[in-house]
Amino acid sequence: MTMNNAEILNELNENVHIRCFHGPAHAGAKIYPVRNPLTGEFPSCVRRVDSKGDIIYDKKDNQADYFIRETDGFEIKNGTDFDLTNPIQKANWEAIRFSELIFDPRGKLDEKGRVIQEPSDIAPANSLFYVERIVDETKKRNQLERTKVKAKTYIYGDSASGLTVKAKILGCFVKTSTREEIEEFLINVANTDPEKIINLYTGSDMKLSLIFITAKEKNILQNKGGLFIYNETTVIGRTMEDCIRFFKDPKNKVITDRIIKEVTEALTMGEDGFTAEDINPTTSAAEKTAPEVEAETVSATATKTKNK
């Protein structure tokens, strides 16, 4: 059932949803009333007990009201909810909300507005649970869906050769794949990691990634002992990211240009699905700025489309 804005805000104000960092399979934990870290006092709904375990009431207390013993423990697990419109559940939540086991991304304030926990996106290591807020989670889901749409728009607007290049960079075997299969592969990536797809189209490293992949496939770069080696002696890096950083470094210009030259000479359209034009810069990769690499990539794609 879809909630409108008013219902979402009411849900936020009237309910506390507890989730466990370890998921629903976790057994949970028993949490006892927690003192205010600033004052050392229990919340107003908590009372101390005598040797028999009976509540010690204050003189002003109405014993008909609901009070919590300092020895009362609450079983908290993934999915525990507190209805704040219910006086008993509200008191139960007030009794434990300062617990270090419960993390609230929006922070914690006491009754007088004093800060107990600053707002943060990073939970302390000893936190077992967190407060889930429907409004925040809805925003995150909406933002993720918008990012997926943006990534898929890039894919649907790309040419067949462009899709081939992107899929190859992501490790897809493209030699015998149809356009539909390649597109499906990229859409699946967009559904799980849309930023990766967006970066392929807007980042400056696509051409350098293709140089690395082709150099590796053509044995221009050899993997020895977990390192990519050029010409038997020059260590380029351990990962593709390392090698791209090597290509970008101006002090590696001579070696980078040699690798690009060998990759260009090794490429054939029929075998690899793209041409030397896709990766052969007019200047060294180490000399290019990010906007220059991106502009050249866009220009090359437009030229191929026009020639078709």
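Taken together, the values in this text are just the output of simple stated rules run on the coordinates, not laboratory data. From a predicted model like this one, the values you see are computed outputs, not experimental measurements. Cβ atoms come from the backbone with ideal geometry, glycine included; neighbour counts cover every protein chain shown.
List of remarks:
- With a Förster radius of 45 Å applied to the C-beta separation of Lys59 and Lys140, the computed FRET efficiency comes to 0.40.
- Reachable lysines from Lys59, criterion Cα separation under 29 angstrom, eight or more residues apart if same chain: Lys90, Lys112
- For Lys216, a cut-off of 17 angstrom between C-alpha atoms picks up these lysines, skipping any fewer than 8 places away in its own chain: Lys166, Lys168, Lys175, Lys207, Lys224, Lys261.
- Shape analysis of the stretch 88-184 based on the Cα gyration tensor places the equivalent ellipsoid semi-axes at 49, 14, 11 Å, largest first.
- When Met206, Met240 are sorted by how many other C-beta atoms sit within 10 angstrom of their C-beta, beginning with the fewest, the order is Met240, Met206.
- Relative packing of 48-61, 17-30, which averages over residues the other C-beta atoms within 10 Å, highest first: 17-30, 48-61
- Additional length obtainable on full extension of the chain from Ala266 to Lys175, 0.36 nm per residue less Cα span: 31.2 nm
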